[in-house]
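First comes the structure, then the notes that go with it.
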Amino acid sequence: MIDLRSDTVTRPTGAMRVAMAAAPVGDDQYGDDPTANALQERVAALLGKEAALWLPTGTMANQVALRVFTRPGDDVVVGREAHAVWHETGGSGANAGVQLTEVGDGRPFTAGEFIAAIKPQGHGLYPPTTLVEIENTHNRLGGLIWPQHEVVAICAEARRRNIATFLDGARIWNVAAAGGDGVAALAAPFDLVAVSFSKGLGAPGGSMLAGSRDLVAACVRHRRMLGGAMRQIGIFCAAAMHALDHHVARLADDHDNAGLIARRLAQCRRIVLDPASVETNIVVFGLRGDGPDAHELVRLASESGVLVNALDRYKLRLVTHLDVSRDDCIAAGDRLSALANG
Ligand SMILES: *Cc1c(COP(=O)(O)O)cnc(C)c1O
């Protein structure tokens, strides 16, 4: 099977398993896990923040961010098709009691669109906008990269209005690998930043939140409250450490492979895709209505040994990662094109 459903499907490499087995560990609830402590310091430094905190998943990192920055009833501005809206099973409403306002249309929203969407604090009727969340890369919009000048402008406008800023940077490593700024520069405009080790970096689990010492201290409580405070997490942190050492530079290969698939798909007349829009390791493409729909294509592809996901009836997503080779990607692109053609 050529599994392109997500970059989360990777399994730890042999060398990663060796690192995990050898990791010194302790009870992280007492601050006693040396591997976790080392990783938290390393990631804080990498992201240019004072402190960082390990969390079991990116979803929990996002939920904790909502809890530290908002009060129930608040409004949070997010990008159209944000992970927060689609992939967290309604956690924002259940865990933080906030409403999400989606902004932008198939592309990153601008500072102007952000300002227009803000509901002022202290108004007699409006739910106050207290947080803006940016997802970079943006998953459901095809792994696209936010123009950093726009990010800087949005965060500056937010700060001026007492609105907190949060980066859902699950794939921020991909932005840096695509030739953008380094991760510290990408994180700099934000109060709090989430990163993931279990996407393109290939670790079996783990995310981190990074920010000021005070903010991270507040996150510790919410992590516990949501049930995410674990014990000998050094086993996971060793995998993340290994990934930072060995799997960051190779992300560029995933981007090349995504481009390779995209150029093949774009040649199919039933597929709607501009290969130039593929900036990182995610390819989102549309289908014209005169052939198999997305669910049908997912089924046909799986019968031919290629796994991809449908986003809706006419839209699909595939993701490249370290467990698929260049040849796999060429084969997958050709098979998907042929199947879409009927
Ligand atoms: C995967 C993902 C998350 C959540 O990470 P999990 O570890 O799967 O919970 C959050 N944000 C984005 C943009 C993601 O792609």
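Checking A51 against (1) farther than 21 Å from R224 by Cα; (2) touching a helix residue (DSSP H, G or I) at 6+ places or on another chain (Cβ under 8 Å), which single condition isn't satisfied? With (1) farther than 21 Å from R224 by Cα; (2) touching a helix residue (DSSP H, G or I) at 6+ places or on another chain (Cβ under 8 Å) applied to A51, the lone miss is (1). Of all the criteria given as (1) under 21 Å from the mean Cα position of the chain (by Cα); (2) surrounded by 21 or more Cβ atoms within 10 Å (Cβ to Cβ); (3) part of a helix (DSSP H, G or I), the one not satisfied by L265 is (1). Open to solvent by 10 Å² or more (accessible area, probe 1.4 Å) and not in a loop (DSSP other than H, G, I, E, B), is that true of A15? When the stated conditions are applied, A15 passes them.
Table: residues versus (1) closer than 16 Å to M241 by Cβ; (2) hydroxyl-bearing (S, T, Y).
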site	(1), (2)
M20	yes, no
G26	yes, no
T35	yes, yes
R42	yes, no
K49	no, no
L53	yes, no
A61	no, no
R67	no, no
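Only residues that are part of a loop (DSSP other than H, G, I, E, B), within 22 Å of D328 (Cβ to Cβ) and out of contact with any helix residue (DSSP H, G or I) (no Cβ under 6 Å at 6 or more places or on another chain) were counted in segment 268-283, giving 1.
Residue selection: A170 satisfies the criterion of being in contact with a strand residue (DSSP E or B) (Cβ under 8 Å, 6 or more places away or on another chain) and open to solvent by 10 Å² or more (accessible area, probe 1.4 Å). Scanning segment 119-146 for residues that are farther than 12 Å from D74 by Cβ and more than 13 Å from the ligand (Cβ to nearest atom) returns P120, G122, H123, G124, L125.
In segment 57-83, the residues that are within 16 Å of the ligand (Cβ to nearest atom) and of a type in the set (S, T, N, Q) form Cβ pairs under 7 Å with partners that are assigned to a loop (DSSP other than H, G, I, E, B) and open to solvent by 40 Å² or more (accessible area, probe 1.4 Å), at six or more places apart or across chains, as follows: Q63/L226.
Screening V64 with (1) more than 20 Å from R160 (Cα to Cα); (2) among the β-branched types (V, I, T); (3) open to solvent by 10 Å² or more (accessible area, probe 1.4 Å) gives one miss only, at (3).
Which helices (runs of 4 or more DSSP H) does segment 145-236 wholly contain that include 2 or more residues that are in contact with a Lys or Arg (Cβ under 9 Å, 6 or more places away or on another chain) and closer than 20 Å to V248 by Cα?
On the way: elements: 148-160, 172-177, 183-187, 213-225.
Passing ranges, in order: 172-177, 183-187.
Within segment 84-110, the set of residues being open to solvent by less than 40 Å² (accessible area, probe 1.4 Å) and within 11 Å of the ligand (Cβ to nearest atom) comprises A84, E88, G91.
Do the conditions hold for V278, that is, is it modelled with pLDDT of 95 or more, open to solvent by 20 Å² or more (accessible area, probe 1.4 Å), closer than 17 Å to G143 by Cβ and among the hydrophobic types (A, V, I, L, M, F, W, C)?
Working: modelled with pLDDT of 95 or more: yes; open to solvent by 20 Å² or more (accessible area, probe 1.4 Å): yes; closer than 17 Å to G143 by Cβ: yes; among the hydrophobic types (A, V, I, L, M, F, W, C): yes.
Judged against the criteria, V278 is a match.
Those residues that are open to solvent by less than 10 Å² (accessible area, probe 1.4 Å), among the aromatic types (F, W, Y) and assigned to a loop (DSSP other than H, G, I, E, B), I need them from segment 284-342; list them, please. The answer is none; no residue qualifies.
Would you be able to tell me the number of residues in segment 23-51 that are assigned to a helix (DSSP H, G or I), over 23 Å from G169 (Cβ atoms) and open to solvent by 80 Å² or more (accessible area, probe 1.4 Å)?
1
If you go through segment 117-153 and keep only what is among the hydrophobic types (A, V, I, L, M, F, W, C) and open to solvent by less than 50 Å² (accessible area, probe 1.4 Å), you end up with A117, I118, L131, V132, I134, L141, L144, I145, W146, V151, A153. Taken over segment 239-262, residues that are without any contact (Cβ under 8 Å) to a residue 24 or more places away in the chain and open to solvent by 50 Å² or more (accessible area, probe 1.4 Å) amount to 1.
Restricting segment 181-213 to residues that are closer than 23 Å to I154 by Cβ and of a type outside the set (A, V, I, L, M, F, W, C) leaves a set whose member that is farthest from the ligand (Cβ to nearest atom) is S212. Of the set (1) in contact with a Pro (Cβ under 8 Å, 6 or more places away or on another chain); (2) buried (at least 20 other Cβ atoms within 10 Å of the Cβ), all apply to G73 but (2).
The values are calculated or read from the model by the stated rules, or taken from the named source; none is laboratory data. Computed from a predicted model, the values in this text were never measured in an experiment. No Cβ is skipped: glycine too gets one built from the backbone with ideal geometry, and neighbour counts run over all protein chains shown. Just the protein is used for accessible areas: all its heavy atoms, side chains included, with ligands, DNA and RNA removed. Shrake-Rupley method; radii C 1.70, N 1.55, O 1.52, S 1.80 Å.
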